[in-house]
Ligand SMILES: Cc1cc2nc3c(=O)[nH]c(=O)nc-3n(C[C@H](O)[C@H](O)[C@H](O)COP(=O)(O)O)c2cc1C
């Protein structure tokens, strides 16, 4: 009888390094915390921190005052629709990135690695300059690798081209189609530097989706195999890392046996104690049934996003908070939420409070853990733990979940020791 394989029978190779082929995906805004990433690295895999809204994150974590300073500088603009003057101070963006990355890297133990997830759609009212600062300072501060996310990133490698670590850090990209990958490779051909890994993210992932609202027509395995065949035909030896809906160790083994170098997973870790989501909100993730989850167009980025239908971000009509945040302002100071909000102001001139239904103020709600983005299989989380006597669910440890992926077989999920 053939012996059933486990994830632990495989290794991800980066040069001479060998890693457990489990990568915990980047989850902004500080959902994939340093603590979560550090556990993945300690256990021999790869963890991500996210560089989304870092000035806010370092204020909370390291007592910096970046948000207050920015808010003070632009306070006279709060009631204006035109946000074009609200610019980030690049020195502060650099300092926040340096702090978060270097503190995380200093704390790293074990044989694994820590990458940073860097989303191009966080255009920060000066897309090129802010992205350049974020990427280069992360390299300066010693990050092991960068995962380029939420965007095509056609120019991102060039922004790091002359950085001393450009050829030694692990640099990869997330794509959801062969076309996106081909475009990236074509645009970067002159740099003579291929990505070190490619995350192929399917439509069941959490966060923003690289698909339209017809996401359900696509499936991860098909896209993964198509990209694998393309790389083989082109004689390109780049590790492929599928992501989106890989819920058990057996799901992961299926991909590893089909040629994946590793898997990227996230949803299972949203209910880990080390994850940034507050425990009260984690209980909402546990409780969710399939009908409680939707993919909608509320994100001002224009990408569909999956979230729990009962989250406070949906329908909230708060005033845009770009003077404090403003991470989604495009190069001209526009954000789709500002337009939606101002339309409602005009429609309800006397109302103190109203609802904005078509867009959400993503910066504010992600920052406050009020936008409950989640993967498709969130409704299965309740089956991964015990129910407490009071009806709540027992929060897991990252180590337990990681090891379950690493060692489980037969589509089983190991329950944790009962508290
Ligand atoms: C709560 C949550 C937040 C996420 N945020 C981001 C993000 O900020 N950037 C990103 O590239 N992917 C993000 N993702 C996607 C994950 O990194 C990962 O690729 C995907 O969710 C894997 O599928 P799974 O959740 O089914 O395991 C997020 C996923 C979740 C569940």
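No lab work stands behind these numbers, since they all come straight from the coordinates. Remember, predicted model here, so these are calculated numbers, not experimental data. Cβ atoms come from the backbone with ideal geometry, glycine included; neighbour counts cover every protein chain shown.
Worth a mention:
- For the pair residue 79 and residue 339, a Förster radius of 22 Å applied to the C-beta separation gives a FRET efficiency near 0.90, rounded to the nearest 0.05.
- Across region 2-59, the mean sequence separation of Cα contacts (distance under 8 Å, 6 or more residues apart), normalised by length, yields a relative contact order of 30 percent.
- Annotation: for a label point projected 7 angstrom from Cα along Cα→Cβ of residue 154, residues of region 294-320 with backbone N closer than 19 Å are 302-303.
- Residues 359, 412 in ascending order of nearby Cβ atoms (within 10 Å, fewest first): 412, 359.
- Looking at region 35-146, the pairs of alpha carbons with a distance over 22 Å make up 36% of the total.
- Nearest 10 degrees, 0 to 90: helix 178-188 Cα axis against the chain principal axis: 80
- Rule-of-thumb Rg ratio for region 199-304 [Cα; 2.2 N^0.38 Å; N residues]: 1.21
- If R0 is taken as 30 Å, the Cβ-Cβ distance between residue 186 and residue 128 corresponds to a FRET efficiency of 0.90.
- Rounded to the nearest 10 degrees, the inclination of helix 90-106 to the longest alpha-carbon principal axis of the chain is 30 degrees.
- CD proxy at 222 nm, helix term only [per DSSP H run n ≥ 4: -39500 (n - 2.57); per residue of the chain; nearest 500]: -9500 deg cm²/dmol
- Taking only alpha carbon atoms, region 105-159 gives an Rg to Rh ratio of 1.01, where Rh is the Kirkwood radius.
- Calculated FRET efficiency for the pair residue 65/residue 232, C-beta based, R₀ 51 Å, to 0.05: 0.45
- Cα gyration tensor category, rounded, prolate or oblate, for region 281-419 with a/c compared to 1.5: prolate
- Whole-angstrom gap from region 184-254 to region 316-393, using each part's C-alpha centre: 28
- Cα-based helix-to-principal-axis angle, 336-347 vs the chain, degrees rounded to 10: 40
- Calculated P(r) of region 316-390 - Cα pairs past 22 Å, %: 41
- Pairwise centroid distance, computed over Cα atoms, of region 269-312 with region 49-128, Å: 23
- For region 126-207, the convex hull drawn through the C-alpha positions has a volume of 101 cubic angstrom per residue.
- With only Cα atoms counted, region 27-91 has Rg and Dmax values of 15.8, 50 Å.
- The chain - Rg over Rh from alpha carbon coordinates, Kirkwood radius: 0.96
- Anisotropy class of region 269-351 from Cα gyration tensor, a/c 1.5 cut: prolate
- Taking label points 7 Å from Cα along the Cα-to-Cβ direction, residue 90 and residue 310 give a separation of 4.7 nm.
- Added length on full extension, which subtracts the Cα-Cα distance from 0.36 nm per residue, residue 392 to residue 4: 136.2 nm
- Sorted ascending by nearby beta carbons within 10 Å, beginning with the fewest, 48, 153 become 153, 48.
- Taking other C-beta atoms within 10 angstrom as a stand-in for reagent exposure, 139, 415 fall in the order 415, 139, fewest first.
- Taking 0.36 nm per residue of sequence separation and removing the Cα-Cα distance, the residue 407/residue 350 pair yields an extension gain of 14.5 nm.
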